[in-house]
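Taking it in order: structure first as structure tokens, then the write-up.
Quick note: the coordinates plus some simple rules give every number you see, no bench work behind them. All values reported here derive from a predicted model rather than from experimental measurement. Neighbour counts are summed over all protein chains in view; Cβ atoms, including those assigned to glycine, are modelled from backbone coordinates with ideal geometry.
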Amino acid sequence: MATRPRVSRRSECPISVALDIFGDAWSLLIVRDLMFKGFRTFSEFSCSDERIATNILADRLARLEAAGILCKAADPADARRVHYRLTEKGIDLAPALVEIILWASRHEKTKAPPHLLRAMRSHREQFLADVREQWASS
């Protein structure tokens with residue numbers, strides 16, 4: 001595994017460290033799109049509902065890769081095209097994202113599909129196992 005450069009941190013508080021890695025809205029939305037929507041390409045991310053600017057998208061993808069949250073590889077069918085996937089470290093964000101989704105849907109109006117919310121609430125462990133299995137098999 002490649003060694004990542006040591007990053008200067010504001011503090012060693014776990015919340016501060018986490019925010020240094022994915023503390024902007026775009027980074028977690030990219031992880032969401034990988035994890036729950038199955039996006040894999042730059043083009044798919046750029047067409048997400050939030051319409052991230054391409055320069056910001058490129059920067060956040062590079063940051064997430066440098067942090068070990070995702071990795072990229074050439075598409076076997078077209079080497080000019082890059083596919084992104086979550087690493088084990090990225091997949092480990094699933095419980096946190098589920099909690100954020102449930103919190104937001106409990107307190108705000110969202111477009112989260114009701115069947116997905118039910119699965120997250122009622123069968124959380126199975127839902128998380130399914131997310132992990134999806135990434136293990138892809």
Response to the item:
FRET efficiency for Ala66 and Arg118 from the Cβ-Cβ distance with R0 = 41 Å, rounded to 0.05, comes out at 0.65
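Among all lysine pairs in segment 33-138 that are eight or more places apart or on different chains, how many have alpha carbons less than 25 angstrom apart?
Values: Lys37/Lys72; Lys37/Lys89; Lys37/Lys109; Lys37/Lys111; Lys72/Lys89.
Lysine pairs meeting both conditions in segment 33-138 amount to 5.
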Worksheet item: What range in the chain is the longest one free of trypsin sites (Lys or Arg not before Pro) that are in a loop by DSSP and have at most 10 other Cβ atoms within 10 angstrom?
Response: 52-108
Worksheet item: Can you give the net charge of the other residues whose Cβ lies under 11 Å from the Cβ of Ile52, counting K and R as +1 and D and E as -1?
Response: -3
Worksheet item: Can you give the Rg to Rh ratio for segment 1-137, taking only C-alpha atoms and Rh from Kirkwood?
Response: 0.97
Practice prompt. First select every other residue whose beta carbon is under 15 angstrom from the beta carbon of Ala74; then total the charges, Lys and Arg +1, Asp and Glu -1.
Written response: +2
Discussion item. At 222 nm, what value in deg cm²/dmol follows for the chain if DSSP H runs of at least 4 each add -39500 (n - 2.57) and the sum is divided by all its residues, to the nearest 500?
Written reply: -17500 deg cm²/dmol
Practice prompt. Give the relative contact order (percent, whole number) for segment 1-103; include only Cα pairs under 8 Å separated by 6+ residues.
Written response: 23
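How much length is gained if the chain between Ala73 and Asp49 is pulled fully straight, taking 0.36 nm per residue apart and subtracting their Cα-Cα distance, in nm to one decimal?
6.2 nm
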Worksheet item: Which residue fluctuates the most in the chain, going by a Gaussian network model with Cα springs under 10 Å, if the choices are Ile100, Ile21, Ile69?
Response: Ile100
Practice prompt. Check every DSSP H run in the chain and write down those whose alpha carbon atoms cover 15 angstrom or more along the long axis and whose mean Kyte-Doolittle hydropathy is -0.5 or greater.
Written response: 25-37, 54-66, 94-107
Worksheet, complete the sentence: In this structure, the FRET efficiency calculated for His107 and Ser8 from their beta-carbon separation, with R0 = 30 Å, to the nearest 0.05, is 0.30
Worksheet item: Which length gain, in nm to one decimal place, applies between Lys89 and Gln134 when the Cα-Cα distance is subtracted from 0.36 nm times their residue separation?
Response: 14.7 nm
